[in-house]
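Enquirer: First the structure, then my questions, so here it is.
Values in this text are rule-based calculations from the coordinates and carry no lab data. Just so you know, these numbers come straight off a predicted model, no measurement behind them. Glycine gets a Cβ as well: all are built from the backbone with ideal geometry, and neighbour counts include every protein chain shown.
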Amino acid sequence: MPSSNIYQSFECLRVTFPSDSVLHVTLNRPRQRNALNPRMWEEIGQCFQAIRSDSDVRAVVLSGEGSAFCAGLDLKESPDFNPSGDDASRRAYRLRALILNYQAAFSAIQDCDRPVIAAIHGPCIGGGVDIITACDIRHCSADAIFSVKEVDIGMAADVGTLQRLQKTVGSDSWVREVCFTARAFGSQEALQQGLVSKVLANAQVLLAYIEDDALQLATTIASKSPIGVMGTKHLLNYSRDHTIAEGLAYTAVWNAAMLQTKDFPKAIAATMSKKPATFPKL
């Protein structure tokens, strides 16, 4: 069970432990189609920061309650991005701090050290795309609709999509097209471009999938050495953002320490005997 009580304090997230080492985080503003207000933004960061230090968690499933995964920025509850008073430099200074806080909330998903599986249905708009590009694995229902929506409200996406999307899919041209136009695209196009790796028939099938297959996938990941899984996510993220030579050099330093874990001989013995091993917590 979770070692942190913070999971029960959230208003905009629902957090459950469907198995001993798998956490299920649900965006939980269904009446607003899980649109992002300041409270939800703050809670996402708090939740995944807590996961990073929670040794009971080994894998995470992330989904949305209701008819949408995430409808993007809640324009009714968004902060004033262009406040009056003071001079432009002081306004920019405060706005930069706000943007950095919002970036950190979604980067906490990427940085939490545990693999995060996004299960997406219905609209996944604007900030929703920022969220899923920070996840490790993305599966969706056939009715999923995606849009990098920010240009339609007169801004460039600023909390992760423009940095992560072009490193997630194979076509820079396609990324620029959907970001410049804000056009919606569906599940099959997302699968074709590599944004998602699995498409389920509909939202009902996705819900059953979350309750069964996605949790089974997370449970399979959670059965592996937590040192091995944590290191794999860390090195994948590092290598994505560096050259091959830099990634190899960093991996050598990383594994010089991490190969000293007792998980290593235990995992080898389990592989040889074809019997599952039990690994201690991080």
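Enquirer: Could you compute the FRET efficiency for V205 and E77, with r as their C-beta to C-beta distance and R0 at 41 Å, rounded to 0.05?
Expert: Approximately 0.80, to the nearest 0.05.
Enquirer: In the chain, which whole DSSP H runs stretch at least 30 Å along their own axis (Cα) and average 1.0 or higher on the Kyte-Doolittle scale?
Expert: Membrane-span-like by this criterion, though nothing is claimed about a membrane: none.
Enquirer: What residue among N28, A59, F17 has its Cα farthest toward the positive end of the dipole of the stretch 1-59, where the charges are +1 on Lys, Arg and -1 on Asp, Glu, each on the Cβ?
Expert: The one lying farthest along the dipole's positive direction is N28.
Enquirer: Here's a follow-up. For the stretch 208-282 and the stretch 7-32, what is the separation of their Cα centres, given in Å?
Expert: Here the two parts' Cα centres lie 25 Å apart.
Enquirer: Any of K233/K275; K167/K281; K224/K274; K233/K281; K233/K274; K224/K262 with alpha carbons more than 20 Å apart? Name them for me.
Expert: Cα-Cα > 20 Å for K233/K275; K167/K281; K233/K274; rest within.
Enquirer: For the stretch 5-148, what D do you get in µm² per second when you plug the Kirkwood radius from alpha-carbon pairs into Stokes-Einstein at 25 °C and 0.890 mPa s?
Expert: The estimated diffusion coefficient comes to 157 µm²/s.
Enquirer: A further question follows. Treat the count of other C-beta atoms within 10 Å as a stand-in for reagent exposure and order I145, I268, I131, I221 from fewest to most.
Expert: Listing I145, I268, I131, I221 from fewest to most nearby Cβ atoms yields I268, I145, I221, I131.
Enquirer: Also, quick follow-up: Select from A245, T278, A134 the residue farthest towards the positive end of the dipole of the chain; place +1 on Cβ of Lys and Arg, -1 on Cβ of Asp and Glu, and compute about the Cα centre.
Expert: About the Cα centre, the residue reaching furthest to the positive side is T278.
Enquirer: For A269 and E177, calculate 0.36 nm times their separation in residues minus their Cα-Cα distance, and state this gained length in nm to one decimal.
Expert: 28.1 nm
Enquirer: Pick out which of S55, S107, S197 has the largest mean-square fluctuation in a Gaussian network model of the chain, springs linking Cα atoms closer than 10 Å.
Expert: Highest fluctuation of the listed residues: S197.
Enquirer: Need one number: nm distance between label points at A245 and E65, each 7 Å from Cα along Cα→Cβ, rounded to one decimal.
Expert: The two pseudo-label positions are separated by 5.2 nm.
Enquirer: Would you please give the FRET efficiency between L98 and T219, computed as 1/(1 + (r/R0)^6) with r the Cβ-Cβ distance and R0 = 30 Å, to the nearest 0.05?
Expert: Given R0 = 30 Å and the Cβ-Cβ separation, E is 0.20.
Enquirer: With n ≥ 4 as the cut-off for DSSP H runs, can you work out [θ] at 222 nm for the chain, using -39500 (n - 2.57) per run divided by the number of residues, rounded to the nearest 500?
Expert: Result for the chain, helices only: -13500 deg cm²/dmol.
Enquirer: Grab the beta carbon distance between R90 and N237, set R0 = 30 Å, and tell me the FRET efficiency rounded to 0.05.
Expert: After rounding to 0.05, the efficiency reads 0.30.
Enquirer: A follow-up question, please. Considering only the other residues whose Cβ falls under 14 Å of the Cβ of T261, what net charge follows from Lys and Arg at +1 and Asp and Glu at -1?
Expert: Within the 14 Å Cβ shell, the charges total +3.
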